[in-house]
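Laboratory data are not the source of any read-out in this text; all were calculated from the coordinates shown. Computed from a predicted model, the values in this text were never measured in an experiment. Neighbour counts are summed over all protein chains in view; Cβ atoms, including those assigned to glycine, are modelled from backbone coordinates with ideal geometry.
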Amino acid sequence: MKVLLQTLMLLFFFVLGSVAYADPIVTESTSNSTVTTKGDNKTTVKSPPPSAISPSINSSNSDLCTVGISGAVQTQILGISGGSTVRDLNCERLKLAKTIYDMGMKVAAVSIMCQDDRVFRAMEMAGTPCPFLGKIGEEAQQEWDANEDLKPINKEEETRKNDKLEGAMQGIGLVGILLLLL
């Protein structure tokens, strides 16, 4: 049986091998062609103008009492960018008062804070009036009552109104410039 199996296998490989090495069928054909092409190409590249990028203003230093403001405007013709810083007066007042207080001059530190109308009114309502030319307590209250014109006024409210008016004027000016550019 073993001999029969071996014989069948040899026969299988012999038949398979003779088929694999058979001559292929070859056909030949020849063709010639000529192609002539003529054309004109024109390429126009249109790109937008460079972008106006507003500058970054670093205000991460905690010892500065400023706020950075920047902006940019871009049209098809012109780009404008700019930036600035704005002082924070309340921040400056707080830093000054803290520095003076740390030097041991508590009355002077309170006097700096009393330049703010809100603090001045709060001190009066608490029954501890702001110092007046070195006088404190009831003597200071008498001096403030006698000199009403020296009391701090709400300057911040006036400043906010002026800032809003100035901001509106700048906005109108920028819109006018943009309309001229278009």
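Computed on region 71-113, with alpha-carbon pairs under 8 angstrom and 6+ residues apart, the relative contact order is 26 percent. Dividing the mean sequence gap of close Cα pairs (under 8 Å, 6+ apart) by how many residues region 89-150 holds gives a relative contact order of 18 percent. For the pair Val67 and Met125, a Förster radius of 41 Å applied to the C-beta separation gives a FRET efficiency near 0.85, rounded to the nearest 0.05. Projected label points at Asp88 and Met169, each 7 Å from Cα along the beta carbon direction, are separated by 2.7 nanometres.
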